[in-house]
1. Out of everything in region 78-106 that is part of a helix (DSSP H, G or I) and free of Cβ contacts under 8 Å to residues at least 12 places away in the same chain, what residue ends up being farthest from Phe142 (Cα to Cα)?
2. For Asp52, work out the one condition from (1) at pLDDT 85 or above; (2) in contact with a Ser or Thr (Cβ under 6 Å, 6 or more places away or on another chain) it doesn't fulfil.
3. Checking Glu179 against (1) charged (D, E, K, R); (2) surrounded by 13 or more Cβ atoms within 10 Å (Cβ to Cβ); (3) more than 19 Å from the chain's Cα centre (by Cα): exactly one of these is not met. Which one?
4. Is one or more of the residues making up region 82-103 loosely packed, with under 13 Cβ neighbours inside 10 Å, more than 30 Å from Ala168 (Cβ to Cβ), small (Gly, Ala, Ser) and in the same structural domain as Arg61 (by TED's automatic domain parsing)?
5. Would you mention how many residues in region 183-205 are in contact with a helix residue (DSSP H, G or I) (Cβ under 7 Å, 6 or more places away or on another chain) and either not in a strand (DSSP E or B) or not assigned by TED's automatic domain parsing to the domain that holds Thr251 (or both)?
Amino acid sequence: MLTPKPRRNKRISQENGPRWQLPALNWRRIGTLGGGVLLALALVFGLRYVLDQPIERVEVRGHFQRVSQPDVEKIVRARLAGAGLLSIDLDNLGRGLKSLPWIDSVTVQRSWPRGLVVSVVEQNAVALWNNSGLLNARGELFLSDARFLPPELPRLSGPLGTEAEVTARYLSSQGRLTESGMRLVRLALDERGAWELTLDNGIVIRLGRRDVDARFDRFMSAGAPLLAQRATDVAYIDMRYSSGFAVGWRTGGTHLAGGNKSAGDQNPDG
């Protein structure tokens, strides 16, 4: 009978296994680097403390006609709230000033050692919008319910969201009309997309919905000379015809000029 051999416990000698040791540290170098970091932080915070002085002087610049300078100064004082020259939030101050009516742009700069310079540019209204608002040259409605509407401004109208489009057409048209001795006082875009211009002498120019630029060019080349000769007799000029244009007389009646009336001209587009 075979007798099983007893098992022997195998011991792994630590001398034969891997060892883990702490890396050698250059404590002098670590101390030097740490001291440098602390010194740099101390210099940064110290410099900030020295430079972040209380604001003692605020200079407001701008040509004020519609904006009240005391209102500007009031917002500036409210935004200071004990902030220093470095810690003050210049963007927040600028946004607060732009909330005032008639302010177009604001620039806020630090003026060392303890001052601020606030430069304000007012909006330049170029037209009235839908009888109650004011537009700037970019076609932005900066006041939707103005208390004072300058009577000398032209009147523009159109559906919501077309302010920039109508303003751009007004500016381009007015420049060419002025060169020919005419002044545009009203420009309307209706819900269907049809354009209508009114001159300061009451004459209406109908451009319709299609080929608006080409029709305006045709008016300038053919209709404008007619107005130069008989402006007091003309009530409107209708450029919506494919052949020539129609002239409505103040005494009544309509005359087609610049071409022969065709079947397609019986119902010009609106």
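The values are calculated or read from the model by the stated rules, or taken from the named source; none is laboratory data. Please read these numbers as outputs of a predicted model, since none were measured by experiment. Reconstructed Cβ throughout: ideal geometry from the backbone, glycine too, with neighbour counts over all protein chains shown.
1. Asp91
2. All conditions are met except number (1).
3. Result: Glu179 passes all but (2).
4. Scanning region 82-103 turns up at least one residue that is loosely packed, with under 13 Cβ neighbours inside 10 Å, more than 30 Å from Ala168 (Cβ to Cβ), small (Gly, Ala, Ser) and in the same structural domain as Arg61 (by TED's automatic domain parsing).
5. Residues flagged as in contact with a helix residue (DSSP H, G or I) (Cβ under 7 Å, 6 or more places away or on another chain) and either not in a strand (DSSP E or B) or not assigned by TED's automatic domain parsing to the domain that holds Thr251 (or both) within region 183-205 amount to 3.
For (1) part of a strand (DSSP E or B); (2) modelled with pLDDT under 90; (3) surrounded by 15 or more Cβ atoms within 10 Å (Cβ to Cβ), each residue gets a yes or a no:
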position	(1), (2), (3)
Leu207	yes, no, yes
Arg210	no, no, no
Arg215	no, no, yes
Met220	no, no, yes
Leu226	no, no, yes
Gly248	yes, no, yes
His255	yes, yes, no
